[in-house]
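Enquirer: One structure is given below, represented as structure tokens, and several questions about it will come after.
The values are calculated or read from the model by the stated rules, or taken from the named source; none is laboratory data. Quantities reported herein were computed from a predicted structural model and do not represent experimental measurements. Glycine also receives a Cβ, built like all others from the backbone with ideal geometry; neighbour counts cover every protein chain displayed. Accessible surface areas use protein heavy atoms only, side chains included; no ligands, DNA or RNA. Shrake-Rupley method; radii C 1.70, N 1.55, O 1.52, S 1.80 Å.
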Amino acid sequence: MADNVPGMLYVTMEPQEGLSLDQFHEWYNNEHGPTRLRLPQIFTNGLRYQATDGQQPTFLAAYDVTSMSHLETPTYLTLRANRSPREAETIGQVDVVRHFLDLVATKQSEEFVPIEEIPDEEAEGLVLVSVQVELREGVDEKEVIRWYEEEHLEMLAKVPGWLRSRVYRTPSVIENGVSGHAVKIVTLHDYAKENGLGGEEHTASMSTPWRDAIFAKYVTAKTRRTYELFYTFGPAPRELGALSRVASSSSIAGMSIDGALLSRSMSTTSFTALDGSLATIADASGDAVITSTIYAPDGLAIPYRLEGNTSPKAPTVAFANSLLTSLHMWDPLVAILKKERPDLRILRFDTRGRHVCPAKGATLEILADDLATLLNALRVTKLRALVGVSMGGATTLRFALRHPSRLEKFIACDFNASSSATNTQAWKDRTAVAESDNGEGIKTQLAPVTVSRWFHPHTMAEKKDVVEWMTKMVGENSVQGFRYGCQALWEYDMREEMRSCTVKGLFVVGEGDAGGALVKAMDGFKGNLGAEGAELKIVPLTGHLPMCEAPEEVWAAVEGFL
């Protein structure tokens, strides 16, 4: 393959009899596709189409490639060679044909927007026409390409609903690993859902003297397929629907291969990738969970957990944890939310500072952008709500100010709209404690002191299991992550800026947080939010993490707003 020639990996697939479509889609959408989208230096997008012409293969996957030479590098070849046992088992039940296509020419309308940039609900159903012509052996394809560029594409551009046409050349077609010899020209034509295919302009483009001469002299065979788009990949797995259906309908017993769990049973379906980058689990009740990791532009790994309503169109609520805790600090509240609001999809993630992170100080702007990166990877256009506490509460407000179009409403808990030099010194002192004793200080000293400072005396005395759970969680935090993550809380001030906030918000605080001082602080700045201010809900007998100390009471406080 020539260096620096852009092109496409074009893959047609037909599941064999016996392979359920849900298993096929769950594997492809959660494992196969996202793995490739995590290589943006190679793949700029990944789109899945389903045939509308009644022909087979039924499914098409199209990946734009930055340079076709990348498909001969170890990065890509290793990806194919190191398949998981689940992938090997599934792909063995699919008839697959791969085409490597070099881009020759492209033409697009002024209204064309790259499909990966269009929200799913708008992109689904877009039409793709794929035409493949095989040329006579030994002929020069330049005249064929010239006809496409100078006449055919110009005429197609007049068809109502036409968006884009691309011309590809395949000097060697890879079909199940076997190289072909005949040169083929593949043209792909994108159309809006409502279009003029079959109409006057379209018919005229296929019946000209030049076209007839080209086909008579150069072409030996032609195939035409029509498809509609049904899925756009991102680097973050998100296919809860097929996962849920596989678990509720499957009856094949589970097995373990080379350390990777592959289970298909009446009660549970689960999969864990060998490298730990993906885990999925669902049970016969339809409850499905995806845990995976995506990466911020600076290399930060952002673990996330997606669950709740399995529909891709379900409204999504996200949660931002406090410093020194993980996404599991929300477990008690999420359990209530899943029971009371089955209409919601739930997203949690580990905030920057939980794990080892880039060696630079975090800011609230960076934390807000981390969430935006995650939403982009999951193709979530807009959150129904964002809920955050402590540093997560400050991040929530910053996200509402920085990305207002991505959010309908927010709930910010136990946070301050501004910091000070005194607080900065306190965080530096705590960092020193965490780093003491070769990093063991975070477990032996900082964790118990922090939890006793966070929790209400009632929690400390009456809920020993909660105290133990949180102390362990704090002690397991990365020392390096804490060092750089806590800097997001150094000397910031959003009090004036929050007056311009256009997103509706609710404030929640534990009555005993900082001995009641935070209640006074939040009461003091609640009126600064937007034009009408924010309501402040106070949760009795709780401190800094009321959702951990008294989740039922927190739910009662936020249920109406949410």
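Enquirer: Given Cβ point charges of +1 (Lys, Arg) and -1 (Asp, Glu) and nothing else, what value in debye, to the nearest 20, does the dipole of the chain about its Cα centre take?
Expert: It works out to roughly 500 debye.
Enquirer: For the chain, what is the accessible area per residue in Å² when the probe is 1.4 Å?
Expert: Each residue of the chain exposes 42 Å² on average to a 1.4 Å probe.
Enquirer: What distance in nm separates the two pseudo spin-label positions at Arg146 and Phe230, each 7 Å out from Cα along the beta-carbon direction?
Expert: In this crude spin-label approximation the distance works out to 4.3 nm.
Enquirer: What share of the DSSP beta bridges in the chain is antiparallel, in percent to the nearest 5?
Expert: 80
Enquirer: Moving to a separate point now. Using the alpha-carbon centroid of each, what span in Å lies between region 94-111 and region 40-69?
Expert: After rounding, the separation between the Cα centres reads 8 Å.
Enquirer: Still on this structure: Between the DSSP loop rule and a limit of at most 14 other Cβ atoms within 10 Å, which trypsin sites (Lys or Arg not before Pro) in region 455-562 are left? Working shown, then result.
Expert: Values: sites: Lys463, Lys464, Lys472, Arg483, Arg495, Arg499, Lys504, Lys520, Lys526, Lys537; in loops: Lys463, Arg495.
Sparse-neighbourhood loop trypsin sites (Lys or Arg not before Pro): Arg495.
Enquirer: Could you state the principal axis extents of the C-alpha atoms in region 176-248, from the largest down, to the nearest angstrom?
Expert: Dimensions of region 176-248 along the principal axes of its Cα atoms: 56, 38, 23 Å.
Enquirer: Sticking with this one: Below 12 angstrom from the Cβ of Gly485, what's the summed charge of the other residues (Lys, Arg +1; Asp, Glu -1)?
Expert: Local charge sum for Gly485: +3.
Enquirer: What is the Å³ per residue value for the convex hull set by the Cα atoms of region 29-88?
Expert: Looking at region 29-88, the number lands at 107 Å³ per residue.
Enquirer: For region 1-147, report the convex hull volume of the alpha-carbon atoms normalised per residue, in Å³, without decimals.
Expert: With only Cα atoms used, region 1-147 gives 161 Å³ per residue.
Enquirer: Please report the base-10 log of the normalised intensity I(q)/I(0) for region 392-460, using a Debye sum with one equal scatterer per alpha carbon and no solvent, at each q in 0.13, 0.16, 0.19, 0.27 (1/Å).
Expert: Normalising to I(0) and taking log10 leaves -0.58, -0.78, -0.92, -1.10.
Enquirer: Charges on Cβ only, +1 for Lys and Arg, -1 for Asp and Glu, centred on the Cα centroid of the chain; of Ile115, Gly392, Val186, which one is farthest towards the dipole's positive end?
Expert: Gly392
Enquirer: Would you mind pulling out the separation of the Cα centroids of region 382-428 and region 295-360, in Å?
Expert: With region 382-428 and region 295-360 each reduced to a Cα centre, they are spaced 15 Å.
Enquirer: Right, next: Using only the C-alpha atoms of region 424-562, find the volume of their convex hull and express it per residue in Å³.
Expert: 120
Enquirer: Same structure, new question: Using alpha-carbon positions, what is the distance between the centroids of region 479-502 and region 10-29, in Å?
Expert: Between the Cα centres of region 479-502 and region 10-29 lies a distance of 46 Å.
Enquirer: Go through Val246, Phe349, Ala221 and say which Cα lies farthest out towards the positive end of the charge dipole of the chain; charges sit on Cβ, +1 for Lys and Arg, -1 for Asp and Glu.
Expert: Working it through, the farthest residue towards the positive pole turns out to be Phe349.
Enquirer: Here's a follow-up. How far is it, in nm, from the label point at Glu121 to the one at Ala182 when both lie 7 Å from their Cα along the line to the Cβ?
Expert: So the two model labels end up 4.6 nm from each other.
Enquirer: If I compute solvent accessible area with a 1.4 Å probe over the protein chains, what percent of it on the chain is carbon and sulfur?
Expert: Of the solvent-accessible surface of the chain, carbon and sulfur hold 50 percent.
Enquirer: Between Lys428 and Ala335, what is the FRET efficiency for a Förster distance of 30 Å, r being their Cβ-Cβ separation, to the nearest 0.05?
Expert: Approximately 0.25, to the nearest 0.05.
Enquirer: Near Glu14, within a Cβ-to-Cβ distance under 13 Å, what is the net charge of the other residues, with Lys and Arg +1 and Asp and Glu -1?
Expert: Net of charged neighbours comes to -1.
Enquirer: Now for a different question. Along its three principal axes, how long is region 276-419 when you only count alpha carbons? Whole Å, largest extent first please.
Expert: Computed over the Cα atoms, the extents are 46, 32, 27 Å.
Enquirer: Could you give the nm distance between label points at Ser109 and Asp465, where each point is 7 Å from its Cα heading toward the beta carbon?
Expert: About 6.1 nm, to one decimal.
Enquirer: Let me know the Kirkwood hydrodynamic radius for the chain, please, with Cα pairs as the basis and the value in Å to one decimal.
Expert: Numbers: mean 1/r = 0.0381 Å⁻¹.
Mean inverse Cα-Cα distance, inverted, gives 26.2 Å.
Enquirer: As a check on your grasp of the helix formula, calculate [θ] at 222 nm for the chain: sum -39500 (n - 2.57) over DSSP H runs of n ≥ 4, divide by the residue count, round to the nearest 500.
Expert: -8500 deg cm²/dmol
Enquirer: Only four residue types carry charge here, +1 at the Cβ of Lys and Arg and -1 at the Cβ of Asp and Glu. Report the dipole size of region 402-540 about the Cα centre in Debye, rounded to the nearest 20.
Expert: 240
Enquirer: Report the FRET efficiency, 1/(1 + (r/R0)^6), for Ser285 and Glu559, where r is their Cβ-Cβ distance and R0 is 30 Å, rounded to 0.05.
Expert: 0.80
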